[in-house]
Amino acid sequence: MIEIKGLTKRYGNRKVLNGLDLSVPAGTFLSIFGPNGAGKTTLLKILATLARPNSGTVTVDGWDLAKDGAEIRSVIGVVSHSPFVYGELTVEENLRFFGRLFGLGPAGLEARVRELLDSLGLAHRARDRSEILSRGMRQRLAIARALVHRPRVLLLDEPHVGLDPKASAVLDRTLRSFKDGGGTVVMITHDLAKGLEMADRLAFLFRGRMAREVEAARTDAAGLRQMYDSLAAGDNA
């Protein structure tokens, strides 16, 4: 589903990604851990076609990032630190707007909007402007926006930050349902416990390279913490 080879990204003289290789098979939930400045958000921006690498190759669902940006955008959904919704529009107006951007027809769009409002617990706020929503409700709307066109890949940058337990549980349920339906998820997180709980594969990004990858079933919370701390100690040596 996602294939990355020799990915390099520089900002000025600083090399943020340094020959990174990564393969994410279809239907995989991958959690990526790493310290601030390791290149995690830059990697997600490149996968989302929001930044261009200096070198290397990236394919998503068979599409080449260098040539097929529009096609990649049609199969991905992105949830980042910003909800990327319009504050002056209501919840349902935002979903209709983004659905139309992806070419959903009127009948199918209305059914999809209702489905997402119900599944994410937003139906009672459907006619409220998004600017008055709480952080948790805006995050639910951001997830609905990312899912409206039925993507095959979800890219998530710290999606649980600022969520209360109820909103976090809604997000977890939605992500599991997406994966159970065959979707592929790449999630960046500093929360080791949450990353381990949600994923079936784990990766550690340090100094712009994948320092280690492991199957989630092969470790537990204590083992994961030990792996991370060991890699961090080597990174700071």
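The values are calculated or read from the model by the stated rules, or taken from the named source; none is laboratory data. These numbers were taken from a predicted model, which means no experiment stands behind them. Cβ sites come from the backbone with ideal geometry, for glycine too, and all protein chains shown count toward neighbours.
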Can you tell me which residues in region 1-44 are over 16 Å from residue 209 (Cβ atoms), touching a strand residue (DSSP E or B) at 6+ places or on another chain (Cβ under 9 Å) and at pLDDT below 95?
1
So, residue 130, is that one modelled with pLDDT under 95, touching a helix residue (DSSP H, G or I) at 6+ places or on another chain (Cβ under 9 Å) and among the hydroxyl-bearing types (Ser, Thr, Tyr) or not?
no
Selection within region 64-107 - of a type in the set (Gly, Ala, Ser), in contact (Cβ under 8 Å) with a residue 12 or more places away in the chain and part of a helix (DSSP H, G or I):
69, 74, 99
Look through 123, 111 and report the one residue that is without any contact (Cβ under 8 Å) to a residue 40 or more places away in the chain, touching a helix residue (DSSP H, G or I) at 6+ places or on another chain (Cβ under 7 Å), more than 25 Å from residue 41 (Cα to Cα) and among the small types (Gly, Ala, Ser).
123
Does region 6-55 hold any residues that are charged (D, E, K, R) and closer than 28 Å to residue 226 by Cα, and which are they?
15, 21, 40
Index of the failed condition, residue 163 passing every other in (1) in contact with a strand residue (DSSP E or B) (Cβ under 6 Å, 6 or more places away or on another chain); (2) modelled with pLDDT under 95
(1)
So which residues in region 173-202 are among the basic types (Lys, Arg) and exposed (fewer than 15 other Cβ atoms within 10 Å of the Cβ), if there are any at all?
173, 176
Looking at (1) touching a residue at least 40 places away in the same chain (Cβ under 8 Å); (2) surrounded by 18 or more Cβ atoms within 10 Å (Cβ to Cβ); (3) not hydrophobic (A, V, I, L, M, F, W, C), which one does residue 131 not meet, given that it meets all the others?
(2)
Of everything in region 40-58 that's in a strand (DSSP E or B) and of a type in the set (Ser, Thr, Tyr), which residue is surrounded by the most Cβ atoms within 10 Å (Cβ to Cβ)?
57
